[in-house]
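Report on the structure given below.
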Amino acid sequence: MSATYVNFFGGSPLNRLSWLRTSHNFLNAIALAPSTRWVVLQGGQPLLVSEPSTHKRSLARLSTADVRPLLGSEPFFSQGQAEGEYAPSDVLVVEAARFRGPPIVFLGLHEPQTDEADALPSSDFSAKSDTATVIANLKGTPYFSLDVSDVAQDVLDKTLQASEPSKAGAELTFFESRGAMAFFDAFEACVFAEARSLTDWNGRNKFCPACGSPSYSLWAGWKISCSSLLPWANNDGKKPCPSAKGLHNFAHPRTDAVVIMAVVDKSGEKVLLGRNRKWPEKFYSALAGFIEPGESFEDAVKREIWEEAGVRAWDVQYHSTQPWPYPANLMVGFFATADSSAPLRTDLDNELEGKHHMPTRHISWLMFLTQTHDGGRGTNLTGRDHKKIAQAQEQRDNEAHRPSTVNALAGDAVPKEEQVQRAKSSDVGLDELPFRVPPLTAIAGVLISEWAHRRAGPGSGIAGQSKGNL
């Protein structure tokens, strides 16, 4: 079960063609291909398209012709010292470099679902092969992302208005990134997650952390380097940048691992949830925290539960992972067991607010209602809700680099048949439910739902990937 569970944002169908990121000939050619599509972001917000007939929103996928006025002069990659020049082909620090124009990232190739072989770094698709041959051998749709955060608004508006979707009557709008999740299908979610994480990483790393010089993009957005290393850099009177030698993890995109866990009572009938007081009203979630150096995932799970709630946990069971592009986390989901009779501490963090004890039947019932009734608010979050959560996360990351939560116990799981009966007979509206939990597009909502419906976790009868008292 846990080995095959794919969460929202996961299961990307793109072949990233990573071995071709250093080939400026390939990148410059594929960027202009008629089949290429562009995902556009502004301040981390994706560009969505609303169809004129249905008004259904989805991730906009513009053609190169649509975005060409924004890309700048050629070459797009392996740019030289002066505009229009190519960088020296035999210098590694300028491989597929981009110094001018809005940031671009090559995301990969969406290959058709056929019996044909997928592209691999063979002679048919080698960076050393003839570019025209390589592109002819590729089957599918290439994807790039384009960050227009620094493009003048009037230029951007003019370009979007002249695009084919706008001419066809569709509406193009930038949408709050978490709220946009509600409109994505599985494919769009994967493409967006990759694009947003890489766009954010490039945007945050403007200067070399080793010497403070401006940095620049290499490998179509997949590497950054120090400008002091450029062959035309003036380094008179400066010490050599430490990044000139050795390997440096800051040169490549980073992913921050976060453990997130549904903590279940040893009876299997209660689950420990948490609440940040700055979250939307009645909103609770699973406990979570960043993994620290010299720590295993299992160690981090037990430490975070102890630090957040003051209780000891054991029997840590892995469930699944979820890429979380806010900005670049990998959420690693677990179940763990704890003793609900042990006192919960709510004085361990200044973000905490009072603890609550709530019956698990509301969780089970909530999951049933929100999966079968349109408009249920139990796991549906508004744009304002997403904004509050985003602000709370940003402040949390800036201040402590770990989640701040308040604790709540939930117990008394209810069989599905009884859930159905209660849902039919209850006069309680969804707005009156005692609390709200994350939707199933977030791994926290998946963990809670899987436990509440007895599909995973302690008490479900289904063993996790990791067994025993870890």
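The table that follows gives values for the structure above.
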item: Close pairs from the stretch 181-202: first of a type outside the set (Val, Ile, Thr), partner part of a helix (DSSP H, G or I) and surrounded by 23 or more Cβ atoms within 10 Å (Cβ to Cβ), Cβ under 6 Å, at least 6 apart; result: 198/221; 202/221
item: Condition check for residue 36: in the same structural domain as residue 167 (by TED's automatic domain parsing) and touching a Phe, Trp or Tyr at 6+ places or on another chain (Cβ under 7 Å); result: yes
item: Some residue of the stretch 225-241 being part of a loop (DSSP other than H, G, I, E, B) and under 21 Å from the mean Cα position of the chain (by Cα); result: no
item: Members of the stretch 163-193 that are part of a strand (DSSP E or B) and either among the aliphatic types (A, V, I, L, M) or not assigned by TED's automatic domain parsing to the domain that holds residue 61 (or both); result: 172
item: Residue that is out of contact with any Phe, Trp or Tyr (no Cβ under 8 Å at 6 or more places or on another chain) and under 17 Å from residue 99 (Cβ atoms), where the choices are 174, 207, 187; result: 207
item: Sole residue being at pLDDT below 95, assigned by TED's automatic domain parsing to the domain that holds residue 219 and closer than 19 Å to residue 223 by Cβ, chosen from 90, 118, 147; result: 90
item: Complete set of residues in the stretch 1-52 that are small (Gly, Ala, Ser) and either under 18 Å from the mean Cα position of the chain (by Cα) or more than 30 Å from residue 84 (Cβ to Cβ) (or both); result: 2, 3, 10, 11, 12, 43, 44, 50
item: Residue that is modelled with the highest pLDDT, among those in the stretch 126-144 that are closer than 23 Å to residue 89 by Cα and loosely packed, with under 12 Cβ neighbours inside 10 Å; result: 132
item: Failed condition for residue 16, given (1) surrounded by fewer than 14 Cβ atoms within 10 Å (Cβ to Cβ); (2) in contact (Cβ under 8 Å) with a residue 60 or more places away in the chain; (3) not β-branched (Val, Ile, Thr); result: (1)
item: Residue check for residue 262: among the hydrophobic types (A, V, I, L, M, F, W, C), farther than 30 Å from residue 22 by Cα, assigned to a strand (DSSP E or B) and at pLDDT 85 or above; result: yes
item: Top-ranked residue in the stretch 73-125 [being β-branched (Val, Ile, Thr) and either surrounded by fewer than 21 Cβ atoms within 10 Å (Cβ to Cβ) or closer than 16 Å to residue 31 by Cα (or both); ranked as nearest to the chain's Cα centre (by Cα)]; result: 105
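One line per residue, one yes/no per condition, for (1) in contact with a His (Cβ under 6 Å, 6 or more places away or on another chain); (2) touching a residue at least 40 places away in the same chain (Cβ under 8 Å); (3) more than 27 Å from residue 200 (Cα to Cα); (4) not acidic (Asp, Glu):
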site: 76; (1), (2), (3), (4): no, yes, no, yes
site: 79; (1), (2), (3), (4): no, no, no, yes
site: 88; (1), (2), (3), (4): no, yes, yes, yes
site: 95; (1), (2), (3), (4): no, yes, no, no
site: 113; (1), (2), (3), (4): no, no, yes, yes
site: 120; (1), (2), (3), (4): no, no, yes, yes
site: 127; (1), (2), (3), (4): no, yes, yes, yes
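The values are calculated or read from the model by the stated rules, or taken from the named source; none is laboratory data. This one's a predicted model, so the numbers in the text were calculated from it and none came from an experiment. Cβ atoms come from the backbone with ideal geometry, glycine included; neighbour counts cover every protein chain shown.
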